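Read through the structure below, which is laid out as structure tokens, and then see the notes.
The values are calculated or read from the model by the stated rules, or taken from the named source; none is laboratory data. Predicted model, so just to flag it, every value in this text is computed and none were measured. Counting neighbours? That spans all protein chains shown, and the Cβs are built from the backbone with ideal geometry, glycine included.
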Amino acid sequence: MAGALVCMMVAQPAQQTAAQDTAQQAIPDAPRPQGLPTSGTRPGMGTTTNTNGDTPAGQDKAPGTSLPQSPTAPKADDGPPPEIPDASQGPKAFTLRVQTNFVEVPFTVKDKKGRLVPGLTWRDVRIYENGLRQQMSIFTVDPFPLSVALVIDQSLTYDNMTKVNNSLGALQGAFTPYDEVAVFTYNNGPRLRTDFTAGQSARLNFVLDQSKSSGREPLQVLGGPLAATTNINGQNFDPNTAPIRNHQGIELNPPKEIHTLNDAILAAAIATSKAGPDRRRVVYVISDGKEYGSTAKTKDVIKYLQTNKISVYATLVGDSSLPVVGFLDRIHLPLTMRDNILATYTDATGGQFDAEFRQKGIETSFGKIAEEVRNQYTIGYYTHQPFIDGKYRTLEVRVLRPDLQVIAKKGYYPTPGDARPRSVRPAQ
């Protein structure tokens, strides 16, 4: 028995080895590589022509195309296309990357009738800095959330102040829940009514109601065209030409009206400059545009606005909103004082003003201006000028379509903060 068991144990490994050899022989070999077909065609001969323009013998010409060229095909002077964010991603495109020497330029395009022009592409737009064309890096039409500092003039006459008071109830409807609004009023000086709060909040509604004022009485001029012609040492020697007939007293000079508009815009701009870079910064003024008695100068306030990327928009009320008076203020006759300086602010910062004399027009202008701010085009580019020099750079935006008006800021002042890399935040 022992011998039989030993023989069986020796025979099992031999059988397993034979089975493995049979399985290996059953696997077929891989196919061998085939040789290239022999023909008269050689690499590079498909569309090669002779020096005289003929195709070599034995070759057919490449088929042509009869498709017309696309009218939107890129031109030689278009340059490489900028980054075009997806829908609703426009504001985030300016904050989700590290940027140095980056310049952001919002602008509005209108036709002859003052209507907004939609549908422009980056190929329709050119941007120039100091007269030199710049290469666009970003182009978007998406709206930005607004940070608006509202400035209300309380030095208006009582009749104009009544129109403004009655129209303030329609102002909150021009903002969205994504906007934030601060409220300033001014008479003899600016006053902060509330810091930035949500555009649809109950707090803003309460503050607008508290910002209503009775206005001021118009000053009565005590003399006429000849009132000062018969005065000697403050005494009127001809009673027939006195402001009050047969009155020999001293002529009174009325006090100068105080309109601290420059100080109010500067206070609002300082508050707005703290808004994030992904928001549109706006100072919105409701005023007659008169200025007297401010500590700040107009040119200094404009420089601060241009440095901090703040635009000024306005609803012009009172006598300055009348067509004739508004036209004279806009052209500014030589040797005359401006009664409306809001046109200077809006032109320098790329904003606009809407002149309205009636209450219904004032209410309509709120929504009209908010729509124009929200539907701006925005382009961005990297300037090659050093930001640390702080010199003023002129800007010009051109649209390659006829009979269109482009509204954009005239220039900007660079700051070292613009050259500092921005913090990168993860995409939402």
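Key figures
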quantity	calculated
Check on Y345, within 15 Å of F144 (Cβ to Cβ), among the aromatic types (F, W, Y) and surrounded by 18 or more Cβ atoms within 10 Å (Cβ to Cβ)	no
Inter-residue pairs, beta-carbon under 7 Å, first buried (at least 21 other Cβ atoms within 10 Å of the Cβ) and in region 294-314, second among the polar types (S, T, N, Q) and part of a strand (DSSP E or B), 6+ apart	A314/S287
Residue ranges of strands (runs of 3 or more DSSP E) in region 127-234 with at least 1 members of a type in the set (A, V, I, L, M) and either modelled with pLDDT under 90 or surrounded by fewer than 17 Cβ atoms within 10 Å (Cβ to Cβ) (or both)	190-198
Selection count, region 125-166, where residues are under 30 Å from G276 (Cα atoms) and polar (S, T, N, Q)	7
Residue tally, condition in a loop (DSSP other than H, G, I, E, B) and not aliphatic (A, V, I, L, M), over region 108-126	8
In region 338-372, residue nearest to V164 (Cα to Cα) [restricted to those that are assigned to a loop (DSSP other than H, G, I, E, B) and touching a residue at least 60 places away in the same chain (Cβ under 8 Å)]	R358
